[in-house]
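The values are calculated or read from the model by the stated rules, or taken from the named source; none is laboratory data. Everything numeric in this text was worked out from a predicted model, so none of it was measured. So basically every Cβ, Gly included, is an ideal-geometry build from the backbone, and we count neighbours across all protein chains shown. SASA here: full protein model, heavy atoms, side chains in, ligands and nucleic acids out. Shrake-Rupley method; radii C 1.70, N 1.55, O 1.52, S 1.80 Å.
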Amino acid sequence: MSAAGKSARAVRRLARRLRPPRRGRSLRFRREPHDRFWWHKLEATDYVPPLYAGLTRAEWRVMDGWYAETAARGRIAEINVPAMSFCHGLIGGNGIRRTVQLGHYYGYSALLLGFLLRSMGARPGLVTIDLDPEATEFTRRWVRRARLENFVHVQQGDSAAAASADRAQELLGGAPELIVVDSAHAYRHTLAELELWTPRLQTGGIMLFHDASEFAAAYDPHGEGGVRRALVEWLDGHPEMTGMLLNGGVRQGADANRLAYKDGTGLAILQRVG
């Protein structure tokens, strides 16, 4: 083949790769009755979010299969599109290469972050920890299916245990730049995670806590106030950390259509400043 022919072929390949995704993908979720698809049914969300639009066709097939199997098993409790998009943009927009996730459940966020880290060439990228052995094995299987083993390390263990933190830091080869917390949602467990992980976070590093609103305090299995209470009390005595709550005051019954940040369960953003 001539040089001109090779060049034209390369241009066609690039054009196929850059072609916008088919309008299908997550748009069908708008018609699904299950509450897991609440974001897709909002007034302003009749589109494929960048979180999904940026996936290759093969990566979206993985997510499609993941949705089907978790639905069949009744394992539906993944982080939502607004919170996941926030994490995704934070990592991708800033070249963050060392992330720890506390609580992966059945692997939705581990897969999506893994795809992003692979596109960045960020190894090892993500260490994700969960106490549930069944959920961890499920996540590990899907990470293998997605061929993300070089970018996502799946750990089973207590995210508030020092051994889990030691192993994560060893795997990452340095202090975490970002820690995403979506684990037990219990007041005392969240306090333990704060005490354990904040000293290990690099200066300037960020912690995100999902389910940090007044509404989400009901997720605390012990009824002690959950993530929001732990954060409010703990931050008061730790000037080395600064933070804010998105939708911290949102209560049950709030209309997500009226919120700028659509996730009524809230998101806390902490940064280590000293």
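Quick look at the values:
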quantity: Count of residues meeting criterion [farther than 16 Å from Ala122 by Cβ and not in a helix (DSSP H, G or I)] in the stretch 180-195; calculated: 6
quantity: Selection status of Glu170, in a helix (DSSP H, G or I) and buried (at least 23 other Cβ atoms within 10 Å of the Cβ); calculated: no
quantity: Matching residues, the stretch 246-261, being in a helix (DSSP H, G or I) and basic (Lys, Arg); calculated: Arg258
quantity: Residue match in the stretch 248-260 (condition: open to solvent by 70 Å² or more (accessible area, probe 1.4 Å), at pLDDT 95 or above, among the hydrophobic types (A, V, I, L, M, F, W, C) and within 21 Å of the chain's Cα centre (by Cα)); calculated: yes
quantity: Which listed residue, of Leu90, Leu111, Leu126, is under 15 Å from the mean Cα position of the chain (by Cα) and open to solvent by 10 Å² or more (accessible area, probe 1.4 Å); calculated: Leu90
quantity: Matching entry among Gly264, Gly274, Gly243, Gly223 (being out of contact with any His (no Cβ under 8 Å at 6 or more places or on another chain), open to solvent by less than 40 Å² (accessible area, probe 1.4 Å), small (Gly, Ala, Ser) and not in a helix (DSSP H, G or I)); calculated: Gly264
quantity: Single match in Ser119, Ser183 (criterion: hydroxyl-bearing (Ser, Thr, Tyr) and surrounded by fewer than 20 Cβ atoms within 10 Å (Cβ to Cβ)); calculated: Ser119
quantity: Residues that are farther than 15 Å from Gly103 by Cα and either of a type in the set (A, V, I, L, M, F, W, C) or touching a strand residue (DSSP E or B) at 6+ places or on another chain (Cβ under 6 Å) (or both), drawn from the stretch 158-173; calculated: Ala162, Ala163, Leu171, Leu172
quantity: Filter result (open to solvent by less than 70 Å² (accessible area, probe 1.4 Å), at pLDDT 55 or above and assigned to a helix (DSSP H, G or I)) within the stretch 10-37; calculated: Ala10, Arg25, Ser26, Leu27, Phe29, Arg36, Phe37
quantity: The lone exception for Thr136 - which of (1) touching a helix residue (DSSP H, G or I) at 6+ places or on another chain (Cβ under 8 Å); (2) open to solvent by less than 10 Å² (accessible area, probe 1.4 Å) it fails; calculated: (1)
quantity: The stretch 138-159 residues that are more than 17 Å from Trp66 (Cα to Cα), paired with ones that are acidic (Asp, Glu) and outside any helix (DSSP H, G or I) (beta carbon under 7 Å, 6 or more apart); calculated: Gln156/Asp130
